[in-house]
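Q: Submitted below is the structure of interest, expressed as structure tokens.
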Amino acid sequence: MKRILLALIAVLAIVSPLFANGTSEEKAADGVKVVTLRISHNMDFTTIPDAVVGAAERLNARYEAEGKNIRIEFEKDYQTIDWTEYQNNIVFAHKIGEAPDFFAISDPASLIKAGLLLDITSVIEKNKDVFTMAAFDGATVDGKIYAYAPDLPTRVIYYSKDDLAKIGWTEEQIEALPGRVASGEFTFEDFIALCNEVVAKGGAKYGLEHRPGKGSDFLDIMKTLGCEYYTPNGDLVFDSEGILRFFQFTYDNANVTKITPNNLNQMGWSTINLHVGTGETFAYYGPVYSAGYVAGAAKLTNAELAAQEAFILFPKSQYTDGPFTVAAPQYIGVSADTKYPEICKDILDELSNGSSDLLAHHGAKINSLLAVKAANENEEVLANPVIGDITYMTDYAVTVPSINGLNIFHEELFKQIVALELGETDPETALAALKSQTELNIKDVIYK
């Protein structure tokens, strides 16, 4: 018992500095109730919690105009730690009654299941015409919405306009390509043929590159090739036919047509970003916000990068119904235990309407589209050279729920990608190995 008590004290010593300062309370000040809320955030994009705090400041003015004697103040805790550690701290803070009112979320599903998140359906439904509603799919259970999507970071395909000019495309043809993809006229098969053509005609050394480590980017190509890998409830689906199709695609690109370097996964981010930024590779698939890293690697400004690089949706293929982009919102949660649920909802309502410019500032800062439509029409977003021309993509956005066992699946999938590109295995063998590891390490998988 003594050991357990000592362990609890040790954990409290770690967690308390993060969340326990300034418990929410009311204090009389010149007849006005001062409500102190706590907001916690993890990782780089502090423009998200800054937008929440800014919306609260404007809400204060609205409360005053409405004759409500309430003033909201915030205590901030912005961190940069491992996401698993951060979320574990959130869970423990809830258990001891010290949870922040607002906090960043890496895995909505587990927090929803644990009952830690406030149901904010009323706020979202009230403003459903304001949002790209697909942004909330990853935080919806049984028709109820439990987290707020401040942004809509999208994953797309990059392509080099300069490389197309090198092989004889006119400026009009180059600028028309995104629209042709969006309409479904220019398919995925057409695009891969174009990747091959650019290399064959000397427009670029490589036709198509990707991230050098595990990640969800590969799932976007799987989806493009008609692979079903999840259910709306977050069950992992092992689609043998679709995965085999992706494995064949991966093998062929590196070993048959050779539009992808077979040692790509040994190159590292800096080399790949440089390839994209200099046009040494014609195309790349990944998040739009990575454009900042690409520009940095090539020593370009965002404007200079945008002059030579453009983005398209994942095109329609012979296995799919239409083009799409996958969005991965960085959700904000409100504690189910907050003492001020209605005030927290009022802040989210303000952020969605009169303060959507604060979200626009966040999007323009990190090269991300926004879940609030008006924010995508804001001058700051439209003036951004990276995202200003792709706001139409929100109409094609899909979000993916938290998927059971996905991290393990990512690990095993990437092992097979590396082996396939090096020519150390073949698609059928890779499929069998992936299935074996999935059966051993992940429960409740749907096989088809």
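Q: Along the three principal axes, how long is region 287-420 when you take its alpha carbons, biggest first, rounded to the nearest angstrom?
A: 54, 40, 33
Q: Right, next: I'd like the accessible area for PHE249: 1.4 Å probe, protein heavy atoms, all chains in place, Å² to the nearest 10.
A: Estimated to the nearest 10 Å², PHE249 gives 30 Å².
Q: For region 307-350 and region 45-124, what is the separation of their C-alpha centers, rounded to whole Å?
A: 17
Q: How are the Cα pair distances of region 183-333 distributed, in percent, across 5 Å bins from 0?
A: 2, 9, 16, 21, 22, 17, 9, 4, 1, 0, 0
Q: If you don't mind, another one. List the aspartates and glutamates whose Cα sits under 16 Å from the Cα of LYS126, skipping any in the same chain fewer than 8 residues away.
A: GLU342, ASP346, ASP349, GLU350
Q: Which percent of the accessible area of the chain is formed by carbon and sulfur heavy atoms (probe 1.4 angstrom)? Intermediate results must be reported in sequence, preceding the final value.
A: On the way: 9690 of 19140 Å².
Within the chain, the accessible surface is 51 percent carbon and sulfur.
Q: Semi-axes, largest first, in whole Å: what does sqrt of 5 times each Cα gyration tensor eigenvalue give for region 44-101?
A: After scaling each eigenvalue by five and taking roots: 29, 15, 6 Å.
Q: Next up: If you restrict to DSSP beta bridges whose two residues both lie in the chain, what percentage is antiparallel, to the nearest 5?
A: If we restrict to bridges inside the chain, about 55 percent are antiparallel.
Q: Using only the alpha-carbon atoms, what does region 239-294 span along each of its principal axes? Please give whole angstrom values in decreasing order.
A: That works out to 36, 23, 19 Å along the principal axes.
Q: Summing -39500 (n - 2.57) over the DSSP H runs of n ≥ 4 in the chain and dividing by its residue number, what mean residue ellipticity at 222 nm do you reach, to the nearest 500 deg cm²/dmol?
A: Calculated mean residue ellipticity at 222 nm is -13500 deg cm²/dmol.
Q: Applying a 10 Å radius around every beta-carbon, put 214-220, 295-301, 309-315 in order of their mean neighbour count, most first. Let's see the in-between values first.
A: Working: 214-220: 18.3, 295-301: 16.4, 309-315: 22.9.
My ranking of the peptides, most packed first, is 309-315, 214-220, 295-301.
Q: Which value in Å does the Kirkwood hydrodynamic radius of region 361-443 take, with 1/r averaged over all unlike C-alpha pairs and then inverted? Numbers along the way, then the final one.
A: On the way: mean 1/r = 0.0626 Å⁻¹.
The answer is 16.0 Å.
Q: Give the Kirkwood hydrodynamic radius (Å, one decimal) of region 405-448, defined as one over the mean of 1/r across all pairs of different Cα atoms.
A: 10.7
Q: If you don't mind, there's one more thing I want to ask. Where only protein heavy atoms count, and the probe is 1.4 Å, what is the accessible area per residue for region 186-230 in Å²?
A: Per-residue accessible area for region 186-230 comes out at 30 Å².
Q: Moving on to the next point. Against the globular-protein guess of 2.2 N^0.38 Å, express the Cα radius of gyration of region 56-195 as a ratio, rounded to two decimals.
A: Normalised Cα radius of gyration, region 56-195: 1.58.
Q: Given the whole protein assembly as supplied and a 1.4 Å probe, what does the accessible area of ILE81 come to in Å², nearest 10?
A: Counting only protein heavy atoms, the figure is 40 Å².
Q: So what are the three principal axis dimensions of region 112-243 from its Cα atoms, in whole Å, longest to shortest?
A: That gives 57, 37, 26 Å along the principal axes, largest extent first.
Q: Moving to a separate point now. Counting only C-alpha contacts under 8 Å and six or more residues apart, can you give the relative contact order of region 204-287 as a whole percent?
A: Result for region 204-287 is 50 percent.
Q: Here is a follow-up. May I ask you to work out the translational diffusion coefficient for region 95-150 at 10 °C, viscosity 1.306 mPa s, via Stokes-Einstein with Rh from the Kirkwood sum over Cα pairs, reported in whole µm²/s?
A: Details: Rh = 12.0 Å.
For the chosen part, D equals 132 µm²/s.
Q: Right, something else. On the full set of protein chains, 1.4 Å probe, figure out the accessible area of GLU175 and give it in Å² to the nearest 10.
A: 110
Q: For each pair in LYS299/LYS365; LYS205/LYS299; LYS258/LYS365; LYS113/LYS316, compute the distance between the two Cα atoms and list the pairs where it is over 28 Å.
A: On the way: LYS299/LYS365 18 Å; LYS205/LYS299 20 Å; LYS258/LYS365 36 Å; LYS113/LYS316 35 Å.
The pairs that break the limit, which is 28 Å between Cα atoms, are LYS258/LYS365; LYS113/LYS316.
Q: Could you please put TRP83, TRP269, TRP169 in sequence from largest to smallest accessible area, using a 1.4 Å probe?
A: Largest to smallest exposure gives the sequence TRP269, TRP83, TRP169.
Q: What number comes out for accessible area per residue over region 283-397 if the probe is 1.4 Å? Units Å², please.
A: I get 36 Å² per residue for region 283-397.
Q: For the chain, what does the relative contact order come out to in percent, with C-alpha contacts under 8 Å and a separation of six or more?
A: Details: 794 pairs, mean separation 105.6, N = 448.
Across the chain, relative contact order equals 24 percent.
Q: Excluding residues on the same chain fewer than 8 positions from LYS443, give the aspartates and glutamates whose Cα lies under 16 Å from its Cα.
A: ASP235, ASP239, GLU411, GLU412
Q: Rg(Cα) of region 344-403 divided by 2.2 N^0.38 Å?
A: Normalised Rg, Cα atoms only: 1.17.
Q: Given the Cα-Cα distance of LYS373 and LYS415 and 0.36 nm per residue of separation, how much length would full extension add, in nm?
A: Difference between extended and current length: 11.2 nm.
Q: Over the Cα atoms of region 211-250, compute the convex hull volume and normalise it per residue, giving Å³.
A: 71
Q: Tell me, what is the Rg over Rh of the chain, with Rh the Kirkwood radius over Cα pairs?
A: On the Cα set of the chain, Rg over Rh gives 1.00.
Q: Let me ask something additional. Check ILE105: other-chain or 5+ apart residues with amide H under 5 Å from its amide H, H built from backbone geometry?
A: TYR331, GLY333
Q: Quick one: putting +1 on the C-beta of Lys and Arg, -1 on the C-beta of Asp and Glu, what dipole do you get for the chain around its Cα centre, in Debye to the nearest 20? Mind showing how you got there, number by number?
A: Details: 36 positive and 62 negative charges, 189 e Å.
Rounded to the nearest 20 debye, it is 900 debye.
The values are calculated or read from the model by the stated rules, or taken from the named source; none is laboratory data. Note that this is a predicted model, so its numbers are computed, not measured. All Cβ positions, even for glycine, are placed from backbone atoms using ideal geometry, and neighbour counts span all protein chains on display. Note: accessible area is taken over every heavy atom of the protein model, side chains too, but ligands, DNA and RNA are not part of it. Shrake-Rupley method; radii C 1.70, N 1.55, O 1.52, S 1.80 Å.
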